[in-house]
Amino acid sequence: MRLAFKQDVVAQAIKLLIDLNPEGWRGNTKPLLDALRKAVAKAKQNHLLEHKTWPKTDTWLGRQLRRAVPILRKTCNIEIEFGLDLRQTGEGDKDGFEIRKR
């Protein structure tokens with residue numbers, strides 16, 4: 001599973017984001033893509049942004065995010081809960097998610 005983590009740029013970026021935000025992160029894919037770019041830049045891991053598998057759009061990020069769930073769970077103890085309605089809190093829409101450490 002460690003090898004899968006090293007090959008998954010989204011999983012690596014999510015770990016960096018949660019390392020910087022230990023309280024977790026809630027929202028949708030579009031603001032997450034921006035947050036991941038900032039986390040990667042802050043951690044000086046810009047090579048992740050230049051990798052051929054780095055998501056170019058929030059739609060691709062959503063697909064890669066779902067594939068990264070088992071990797072993050074097993075290697076980093078990070079959970080992603082999908083299908084949250086974040087409209088009432090203003091954090092997103094009905095298809096939101098939460099990323100947090102277990």
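Which one of these is under 18 Å from residue 5 (Cα atoms) and either in a helix (DSSP H, G or I) or out of contact with any Ser or Thr (no Cβ under 8 Å at 6 or more places or on another chain) (or both): 56, 52?
The unique qualifying residue is 52.
Would you confirm whether or not segment 25-36 contains a residue that is within 24 Å of residue 88 (Cβ to Cβ), surrounded by fewer than 13 Cβ atoms within 10 Å (Cβ to Cβ) and without any contact (Cβ under 8 Å) to a residue 60 or more places away in the chain?
yes
Can you tell me which residue within segment 65-94, out of those that are within 15 Å of the chain's Cα centre (by Cα) and of a type in the set (Asp, Glu), is nearest to residue 12 (Cα to Cα)?
79
Run down 48, 32 and say which single residue is closer than 19 Å to residue 76 by Cα, of a type in the set (A, V, I, L, M, F, W, C) and in contact with an Asp or Glu (Cβ under 9 Å, 6 or more places away or on another chain).
Matching residue, one of 48, 32: 32.
Quick check on my filter: what residues within segment 49-97 are at pLDDT below 95, under 18 Å from residue 23 (Cα atoms) and surrounded by 15 or more Cβ atoms within 10 Å (Cβ to Cβ)?
84, 86, 91, 92, 96, 97
In the set 61, 36, 72, which member is assigned to a helix (DSSP H, G or I) and touching a Lys or Arg at 6+ places or on another chain (Cβ under 8 Å)?
So the residue among 61, 36, 72 that is assigned to a helix (DSSP H, G or I) and touching a Lys or Arg at 6+ places or on another chain (Cβ under 8 Å) is 72.
Of the residues 45, 12, 64, which single one is in contact with a Pro (Cβ under 7 Å, 6 or more places away or on another chain), touching a residue at least 12 places away in the same chain (Cβ under 8 Å) and of a type in the set (S, T, N, Q)?
64
The values are calculated or read from the model by the stated rules, or taken from the named source; none is laboratory data. The structure presented is a predicted model; accordingly, all values stated were derived computationally and were not measured. Cβ coordinates were reconstructed from backbone atoms using ideal geometry, including for glycine residues, and neighbour counts include every protein chain displayed.
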